[in-house]
Each structure stands twice: as structure tokens, then as C-alpha cells.
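As C-alpha cells, the structure follows; a few thoughts come after it.
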Amino acid sequence: MKLPLVVVTGAGSGIGAAIAVELGRRGFHVIVTDVDADAAATTASAVASAESATLDVTDPAACDEFVRRTVDAHGRLDVWVSNAGISKMQPFVDVAPADLRRTFEVNTYGVFYCGQSAARAMIALGTAGRIINTASMAAKQGGVPYLSDYVASKFAVLGLTQAMAFELAPYGIRVNSVCPGFVATPMQSRELAWEASLRGTDPDTVRQMWIDDTPLARLQTPEDVAKVVAFLASDDAAFLTGESISVNGGAFMD
Ligand SMILES: NC(=O)c1ccc[n+]([C@@H]2O[C@H](COP(=O)([O-])OP(=O)(O)OC[C@H]3O[C@@H](n4cnc5c(N)ncnc54)[C@H](O)[C@@H]3O)[C@@H](O)[C@H]2O)c1
């Protein structure tokens, strides 16, 4: 019997890599994708059943072509995880139009394009698939310093998740988001350095502030997020759609 097939975007690093490993552990064949081909290949080498591919989520034609090739090769597409994302910390008044555009291109348009390509294929295959988007704690509250463009791009992902869930429900396709908090990844290391410099302090102090803001009193691991994604991909979440699940140790409760 063929293994269920999942595609994960931005899986060459951090949370996406952990999602790929966790879903591989749970019996999926994982297609590990990233704009960085080497990073995707490195992640794939740590996954039980995997292959890697280059995919830039900002290119809608590439997303369609990638899905077409995947379905041609495997005859199925069961789960799509839109995880790729970027951040750059700077004061709201300093965000240049090009930075704003880039943030939306990856974080919002990328989720839109990939969701369209995946949904078209799932509908054509008659597959009751699952689409899972990585949003953020900053998708639910804007009280976040120096990330105004990121906040706006991630709030959009929550609305998009609901709209996709609504339109795709008649096909049995479920669409949900995860909203991580302070996750120890390369993105976080960059943010620690930026926030420390913008606040005139050091990264250790910022890290401790983030831990102090988290009732469960530690930084999150990428695996904390990956396990919730695995739940959303499973039949245990069979009646769950249009939701955006906080995974943040209580740092923001809604
Ligand atoms: N780390 C956190 O604290 C945190 C918190 C909340 C949400 N998130 C979200 O989780 C997701 C993963 O973040 P992470 O912390 O693992 O970041 P990361 O920087 O460690 O990994 C992101 C990956 O996305 C890839 N990527 C960037 N642009 C891409 C593109 N155009 N097409 C395809 N891939 C692209 C990068 O090459 C990288 O491998 C992002 O959507 C991020 O916004 C992260």
C-alpha cells in the first residue's frame, strides 16, 4: 500500500524541518521543499521516507507545476503544509514598501498560491485532503514590537484559512492553521539579535523576556509545533476545520 503523501514548504529549517521529521515518523511519505535546495535535501536525509525539491512559494506557476509533477509521480496528494515564512524586525515607521511587499509575497501570497495549487489537485483527485498553514501568535494579536508587516501578513493567513476552509469543505478538504509563539529556530536567532539591537540590550536579556512572557516558562521547540500539525493532519481532527490553534505555552490566550 502506498504511504499517504505530504508536502511541506519551508522545510529546510526550523519548524518545517521538524514537521517533516514528525510526519515521516507517523508514516507519511514526505516531500521536503524549500527555496534553498541544499537545506531541503539535508532535512529529507533525516526523514524516514522522503524526497526533496526546490519550491519558491512566491511563484504561482512553480507551485502549480510542482503539484502537477508530484501527482504525476505519486498519483496522490493527501496533506499540504504551507510553512515557509520570513521576518525582518524594524520600527513600523521605517518599513520600506519593498520589505512590506516581500513579507506579504512569502507569508501571505505563498500560502494563497500553494493552497490553490494543492486544493486544485485534491479536488481533481477526489481526495478529502488536509491543508495546514503555519501562521503565528502574531496572527492573533498585534502587540508585538518591530514586526508590523509580519503581523499584518499573518493576520491575513488566519482570514485566508477560514475562507479556504469554507470553500473547500464541500470537497471534504479541511484547512487549519497553527499559531506558534517563541520557537527556537534560525528565524528566532535572527529576531533575538534584531530586537536586542533595537532595544539597546543583549540577546540573552530578550530571550529571558520571552520566557518570562510564557506561562509554561520555556522557549518552544519546533517539535512542539510539529506534533500539533501532525494532529491536524490526522483523523483525530476529522471534524476540525477553519481553526487556528495556538501553540505557545500560554504566551497568548484567546
Ligand atoms: N520561530 C518562531 O518563533 C515562529 C513563531 C511563529 C511563527 N513562525 C512561523 O513558522 C514558519 C517557520 O519559521 P521558522 O522559525 O522555522 O523559520 P526559519 O527561518 O528557520 O525557516 C524558514 C524556512 O523557509 C524558507 N523560505 C523562505 N522563503 C521561502 C520561499 N519564498 N519559498 C520557500 N521557502 C522559503 C527558508 O529557506 C527556511 O528554510 C514561518 O512561517 C514563521 O513565520 C515562527
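Every read-out reported here was derived from the displayed coordinates using simple, explicitly stated rules and does not represent laboratory data. These figures come from a predicted structure and were not determined experimentally. Because the Cβ atoms are built from the backbone with ideal geometry, glycine has one as well, and the counts that use them run over all protein chains shown.
Residue 191 satisfies every condition listed in (1) out of contact with any Ser or Thr (no Cβ under 8 Å at 6 or more places or on another chain); (2) of a type in the set (Asp, Glu); (3) farther than 25 Å from residue 23 by Cα except (1).
Of the residues making up segment 225-254, those that are under 16 Å from residue 82 (Cα atoms), small (Gly, Ala, Ser) and not in a helix (DSSP H, G or I) are 242, 244. When segment 197-236 is filtered for residues that are over 18 Å from the mean Cα position of the chain (by Cα) and small (Gly, Ala, Ser), the ones remaining, listed by number, are 197, 200, 217. Can you tell me which residues in segment 151-183 are buried (at least 22 other Cβ atoms within 10 Å of the Cβ), among the hydroxyl-bearing types (Ser, Thr, Tyr) and in contact with a helix residue (DSSP H, G or I) (Cβ under 6 Å, 6 or more places away or on another chain)? 153, 177 - these are the residues of segment 151-183 that are buried (at least 22 other Cβ atoms within 10 Å of the Cβ), among the hydroxyl-bearing types (Ser, Thr, Tyr) and in contact with a helix residue (DSSP H, G or I) (Cβ under 6 Å, 6 or more places away or on another chain). Taking segment 81-111 as the range and being touching a residue at least 12 places away in the same chain (Cβ under 8 Å) and more than 13 Å from the ligand (Cβ to nearest atom) as the test, the residues that pass are 90, 91, 92, 95, 99, 100. Residue count for segment 192-209, restricted to those that are closer than 12 Å to residue 219 by Cβ and within 12 Å of the ligand (Cβ to nearest atom): 2.
Suppose the filter is of a type in the set (A, V, I, L, M, F, W, C) and away from the ligand (no atom under 13 Å from the Cβ); does residue 5 pass it? Yes: the conditions hold for residue 5.
Cβ-Cβ contacts under 8 Å between residues 6 or more apart (or on different chains), taken from a first residue in segment 42-57 that is farther than 16 Å from residue 5 by Cα to a second residue that is of a type in the set (S, T, N, Q), are listed as 43/13; 43/52; 54/33; 55/9; 55/33; 57/9; 57/82.
Considering only residues in segment 10-49 that are more than 18 Å from the chain's Cα centre (by Cα) and either at positive phi or among the acidic types (Asp, Glu) (or both), the one that is farthest from the ligand (Cβ to nearest atom) turns out to be 27. Checking segment 240-248 against the condition returns a match, with at least one residue being more than 14 Å from the ligand (Cβ to nearest atom), on the phi > 0 side of the Ramachandran plot and touching a residue at least 40 places away in the same chain (Cβ under 8 Å). Residues that are within 27 Å of residue 213 (Cβ to Cβ), under 19 Å from the mean Cα position of the chain (by Cα), buried (at least 22 other Cβ atoms within 10 Å of the Cβ) and touching a residue at least 12 places away in the same chain (Cβ under 8 Å) do not occur anywhere in segment 113-129. Tallying residues that are in contact with a Gly (Cβ under 6 Å, 6 or more places away or on another chain) and surrounded by fewer than 14 Cβ atoms within 10 Å (Cβ to Cβ) within segment 187-227 yields 2.
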